[in-house]
Amino acid sequence: MSKPEEMALTTNEPRPRITSPERNITITPLDMRQARFTTAIRGFDKADVNTFLQEAAEGFDHAVRENERLRMEIVRLEASLNQFRELEGSLKTTLMSAQKVADDMRENARQEAARLIREAEGRVELLVQKAQSKTEDIEREIDGLRIKRREAETNLEGTIAALHNTLDFIREQDRREREDRVVQHWPKIAQIASNATRVG
């Protein structure tokens with residue numbers, strides 16, 4: 001290969017980049033493999049050009065296949081990403097639902113606890129009222145029993161006083177009766193005594 005041909009092949013001019021298969025590619029690897037060039041004076045070496053075109057076609061073909069594989073991978077990854085996004089949305093919804101359920105349960109528990117406390121307080125108040133009423137009844141009963149005891153004591157004292165008076169009256173009567181008997185028998189005793197004196 002001549003020097004100008006080597007310089008032409010190793011030129012530093014930028015080659016167009018193939019970015020994606022979505023772009024319209026006018027040249028395919030098959031076109032590169034089947035390309036035929038007309039010969040000219042002082043043209044390129046035909047074997048070198050064919051070798052270069054063959055290598056370029058293989059590289060291009062590999063790049064297109066890799067690009068297609070990557071595109072399919074992107075499609076797969078996007079599908080997975082969509083699934084993950086849907087899953088994330090479901091998880092967020094589930095989490096929000098669980099949070100709402102937890103909040104509802106907490107609120108229901110608070111309300112139930114408040115209701116139970118109110119009921120317990122009501123029962124306690126009712127029991128206290130019953131106990132106070134019973135205490136008042138017992139106190140009234142005790143007061144009644146005290147009054148009855150005082151009445152019984154007064155009656156007993158009256159009975160005792162009456163019995164004392166009766167006993168005193170009976171004793172006085174007995175004493176009077178004895179005195180009356182002694183007085184009645186006193187003249188007889190005196191006469192008997194005088195008669196005895198005379199006889200002696």
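Quick check, is Ala190 modelled with pLDDT under 90 and loosely packed, with under 10 Cβ neighbours inside 10 Å? When the stated conditions are applied, Ala190 does not pass them. Inspection of region 97-110 finds no residue satisfying the criterion of being in contact with a Lys or Arg (Cβ under 7 Å, 6 or more places away or on another chain) and either in contact (Cβ under 8 Å) with a residue 12 or more places away in the chain or open to solvent by 90 Å² or more (accessible area, probe 1.4 Å) (or both). The set of residues from region 115-152 being open to solvent by 90 Å² or more (accessible area, probe 1.4 Å) and either acidic (Asp, Glu) or touching a residue at least 24 places away in the same chain (Cβ under 8 Å) (or both) comprises Glu121, Glu125, Glu136, Glu139, Glu141, Glu151. Scanning region 30-75 for residues that are surrounded by 13 or more Cβ atoms within 10 Å (Cβ to Cβ) and among the acidic types (Asp, Glu) yields Asp31, Asp45, Asp48, Glu58, Asp61.
The values are calculated or read from the model by the stated rules, or taken from the named source; none is laboratory data. Not measured: the values here are computed from a predicted model. Quick reminder, even Gly has a Cβ in these numbers, built from the backbone with ideal geometry, and neighbours come from all protein chains shown. Just the protein is used for accessible areas: all its heavy atoms, side chains included, with ligands, DNA and RNA removed. Shrake-Rupley method; radii C 1.70, N 1.55, O 1.52, S 1.80 Å.
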